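The values are calculated or read from the model by the stated rules, or taken from the named source; none is laboratory data. Treat the numbers as computed from the prediction; the structure is a model and nothing was measured. Virtual Cβ from ideal backbone geometry, glycine too; neighbours counted across all protein chains shown.
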Amino acid sequence: MTIERQFQFIPTDTGQCYVATYQNTDKKSTTGIILVPPIGHEYFRCHHWMTETSVALAEQGFYVLRLDGPGQGDSTGDWVHSTPQQWIDAINVVKTWGRDHLAIRRWAALGIRMGGSLLQLASLQNLLTFRVIAAWQPIVQGTDYLNNLRAAHQVMIRDHRRFWLSQIGNTISESLTKEWMQKNIQQNNAEECLGFYYGPSWLEWMQAITMKAMAPASQYQKSQSIWLSDKHTLKNLPEATAHIDGAAGSEWIVQTTEDDINWFDPNHIEQRIYATDAKMQLVDALVKYAFRK
Amino acid sequence: MPSENSIQDVFTLGRHNHLVAIMERPCLLERQQLVVMINAGLVPHVGPFRMHVDLSRALVDQGIASLRFDLSGIGDSQWPINAAVGVEQHLQDMDDLTAWIQQNFPDYSVWVFGSCTGADYAHQVLCHHALFVGGIFLDGYAYPTFGFHARKIADLLKSPSRLIAAIGRRCLQPLTRKKVESHADLNLETQSFTWTLPPKTETEQDYQDWLNRNLFWLNVFSGGAHDYFRYSHQIYDAFPKLALQERCEIIHLPRADHLYTRVLDRKMVIEMIVDWMINRCPEVVKL
């Protein structure tokens, strides 16, 4: 079995979007899957996982398109100026490109962390349409996510092992924090968290994420949802989904994974993720539902 | 902001066509210079916290092209079938890249950029390939000197908590030290973030060779290199027999961490590198 990989820049309204495609040359397919990455430092941690998962999905017969969002990776733009709407637009452009250039007829999407939340919310608003949306460890409470990010950033910039000079006298550590706050104010309300300035657009959008807003409501949603997360993240799930009319027909699968990942450990913000359990579960679920007639 | 002055292309290369490189070329100004960026550890070609992309775009605004490159098994590049072991494969990748540049961009003056383990590779590339005219190393090679040890002791005395911690570590060292037989015994993850400093005499010989070849190189050290680098003149002091001042520039940014995680630190180091590059290659051809 040979997996053919190709890499290209696709023109979008805001510039160019970097897209990697994976195709099984022995199993030509018209079913495509778009991989939407996580944001910020999590993109780097998940990159290897995404390439491995792309290959695993291609082996199962999907035409895989893995993209870098606007302001991320090799795509054009700065992260601080990028917006969720630009991401949704880019996903739609990639979808159109896949339909026109690769003859893909059926679509599924796999979003990782914030990528999963973006897919789910955009799908509920009918901004994106996919047959199946799979989300791995989606963010289900935006304020918690932001608070964890902020807290991890504060721990990181005070970490004497990382910022060695702050060891020599406490005053330097304090001045670092002051400088950080002053510079943040100068950046048009952008906030620095673990290596990136988050612009007001993303901050506002993230704060609006709640479990209730995210929960698939079959009466509104055309896509089928698969969530893969840990039990702790999904603990409020029954309460949040009490309003959903389960008789409307759409299926919603929630699975838990054994892979235990601390996303906010400032000591490991650049460490690769090897989530083998999650990868296999997601691939199996996507194969089961995306190819179903 | 997105660089509107550039053209981005993706290339696949290598003897197994397994390597991926992104080339960013200027549209308006052209200096016929190309900076090749090597992975920092296992971080993909976009660089730690997107540093390589930001640097590429800052360079391209000044008319300098760049090539962000993934070594085998990192980022978008694959491990080839029948690959050599770890570092050997990566050095083979650099041979492939060099041959590819020679074939496709023969008119360019080529520089190499590397951070962390990338700096280690960049050093070796500069030694083995005549194609390159200079290098930029972030937390690359440096050797302790009398000045280094004096500053280390002074820094310890300035901070009692560090002094106590250092004594504690020294006392516990025999109990906690893990024995590593050789670099080859480490797994890929560990190998990719660690490198062994070569003997000083070897590096001295390399520098002498670089001086003979009229190369220019820039060494940038962050606070993350404090274990072996503490002051700007340390490299000059470590090699007193060599006249390095005219060819080798050193920048010390002790407030930054090893990966330039803070945005402002990253912006600062990028600006410094671009300024240094502009001074090394002043000719501008307007397209």
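Considering only region B:240-254, state which residues are more than 20 Å from residue B:151 (Cα to Cα) and within 19 Å of the chain's Cα centre (by Cα).
Residues of region B:240-254 that are more than 20 Å from residue B:151 (Cα to Cα), as a first pass: B:241-249.
Answer for region B:240-254, where residues must be more than 20 Å from residue B:151 (Cα to Cα) and within 19 Å of the chain's Cα centre (by Cα): B:244, B:247, B:248, B:249.
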- [ ] Identify all residues within region A:119-144 that are of a type in the set (Ser, Thr, Tyr) and under 13 Å from the mean Cα position of the chain (by Cα); write none if there are none.
- [x] none
Open item on the list: Under 7 Å between Cβ atoms, which residue pairs at least 6 apart in sequence (or on different chains) link something in region B:151-167 that is within 16 Å of residue A:164 (Cβ to Cβ) with a partner that is basic (Lys, Arg)?
Closed with: B:151/B:230; B:152/B:230; B:156/B:162
TODO: Could you tell me whether region B:177-198 includes any residue that is within 14 Å of another protein chain (Cβ to nearest Cβ), within 24 Å of residue B:39 (Cα to Cα), modelled with pLDDT of 75 or more and loosely packed, with under 14 Cβ neighbours inside 10 Å?
DONE: no
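For the condition small (Gly, Ala, Ser) and within 14 Å of chain A (Cβ to nearest Cβ), what is the one hit in B:243, B:256? Step through it out loud before you land on a result.
Details: B:243 fails: within 14 Å of chain A (Cβ to nearest Cβ).
Of B:243, B:256, the one residue that is small (Gly, Ala, Ser) and within 14 Å of chain A (Cβ to nearest Cβ) is B:256.
Within region A:8-38, work out how many residues are within 12 Å of another protein chain (Cβ to nearest Cβ) and not acidic (Asp, Glu). Before the answer, list the steps.
Going residue by residue through region A:8-38, those that are within 12 Å of another protein chain (Cβ to nearest Cβ) are A:8-22, A:37.
Now drop any that are not not acidic (Asp, Glu), which leaves A:8-12, A:14-22, A:37.
Counting residues in region A:8-38 that are within 12 Å of another protein chain (Cβ to nearest Cβ) and not acidic (Asp, Glu) gives 15.
Applying the selection to region A:82-94, what residues are more than 14 Å from chain B (Cβ to nearest Cβ), over 17 Å from residue A:206 (Cα atoms) and surrounded by 24 or more Cβ atoms within 10 Å (Cβ to Cβ)?
Going through region A:82-94, the residues more than 14 Å from chain B (Cβ to nearest Cβ) turn out to be A:84-85, A:87-89, A:91-94.
Adding the requirement that they be over 17 Å from residue A:206 (Cα atoms) leaves A:89, A:91-94.
The answer is A:91, and nothing else.
Here is a list: B:65, B:83. Which entry is out of contact with any Leu (no Cβ under 9 Å at 6 or more places or on another chain) and free of Cβ contacts under 8 Å to residues at least 60 places away in the same chain? First the steps, then the outcome.
Details: B:65 fails: out of contact with any Leu (no Cβ under 9 Å at 6 or more places or on another chain).
B:83 is the lone residue from the list that is out of contact with any Leu (no Cβ under 9 Å at 6 or more places or on another chain) and free of Cβ contacts under 8 Å to residues at least 60 places away in the same chain.
Return yes when residue B:90 is crowded, with 21+ Cβ neighbours inside 10 Å and touching a residue at least 60 places away in the same chain (Cβ under 8 Å) and no when it is not.
Values: crowded, with 21+ Cβ neighbours inside 10 Å: yes; touching a residue at least 60 places away in the same chain (Cβ under 8 Å): no.
In short, no.
Name the strands (runs of 3 or more DSSP E) wholly inside region B:48-167 in which the number of residues that are modelled with pLDDT of 95 or more and within 14 Å of chain A (Cβ to nearest Cβ) is 2 or more. Spell out the reasoning first.
Numbers: elements: B:65-69, B:109-115, B:132-138.
So the answer is B:65-69.
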TODO: List every residue pair whose Cβ atoms lie under 8 Å apart, where the two residues are 6 or more positions apart in sequence or sit on different chains, the first residue falls within region A:61-79 and is within 12 Å of residue A:36 (Cα to Cα), and the second residue, located anywhere, is surrounded by 24 or more Cβ atoms within 10 Å (Cβ to Cβ) and acidic (Asp, Glu).
DONE: A:68/A:74
Task: Conditions (1) surrounded by fewer than 19 Cβ atoms within 10 Å (Cβ to Cβ); (2) modelled with pLDDT of 75 or more; (3) farther than 20 Å from residue A:111 by Cβ; number of the one not met by residue A:284 - done: (3)
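Within region A:37-48, is even one residue in a helix (DSSP H, G or I), touching a strand residue (DSSP E or B) at 6+ places or on another chain (Cβ under 6 Å) and not small (Gly, Ala, Ser)? Before you say what the answer is, go through the steps one by one.
Going through region A:37-48, the residues in a helix (DSSP H, G or I) turn out to be A:41-48.
Cutting the leftovers down to touching a strand residue (DSSP E or B) at 6+ places or on another chain (Cβ under 6 Å) gives us A:46.
Right, trim to not small (Gly, Ala, Ser) and you get A:46.
Looking through region A:37-48, at least one residue is in a helix (DSSP H, G or I), touching a strand residue (DSSP E or B) at 6+ places or on another chain (Cβ under 6 Å) and not small (Gly, Ala, Ser).
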Open item on the list: Quick check on my filter: what residues within region A:251-267 are out of contact with any helix residue (DSSP H, G or I) (no Cβ under 7 Å at 6 or more places or on another chain) and in contact (Cβ under 8 Å) with a residue 40 or more places away in the chain?
Closed with: A:261, A:265, A:267
Open item on the list: Can you tell me which of (1) in contact with a Ser or Thr (Cβ under 6 Å, 6 or more places away or on another chain); (2) without any contact (Cβ under 8 Å) to a residue 40 or more places away in the chain is the one residue B:258 doesn't meet?
Closed with: (2)
- [ ] Please enumerate the residues belonging to region A:250-293 that are in contact with a Cys (Cβ under 9 Å, 6 or more places away or on another chain) and within 14 Å of chain B (Cβ to nearest Cβ).
- [x] A:272, A:273
- [ ] Name every residue in region B:211-239 that is within 13 Å of chain A (Cβ to nearest Cβ), within 17 Å of the chain's Cα centre (by Cα) and assigned to a loop (DSSP other than H, G, I, E, B), in order of residue number.
- [x] B:226, B:228, B:229
TODO: Scan region B:3-55 for residues that are surrounded by fewer than 20 Cβ atoms within 10 Å (Cβ to Cβ), among the hydrophobic types (A, V, I, L, M, F, W, C) and under 23 Å from the mean Cα position of the chain (by Cα) and jot them down.
DONE: B:10, B:11
- [ ] Tell me which residues, restricted to region A:51-81, are in contact with a Gly (Cβ under 7 Å, 6 or more places away or on another chain), in a loop (DSSP other than H, G, I, E, B) and facing another protein chain (nearest Cβ under 8 Å).
- [x] A:76, A:77, A:78
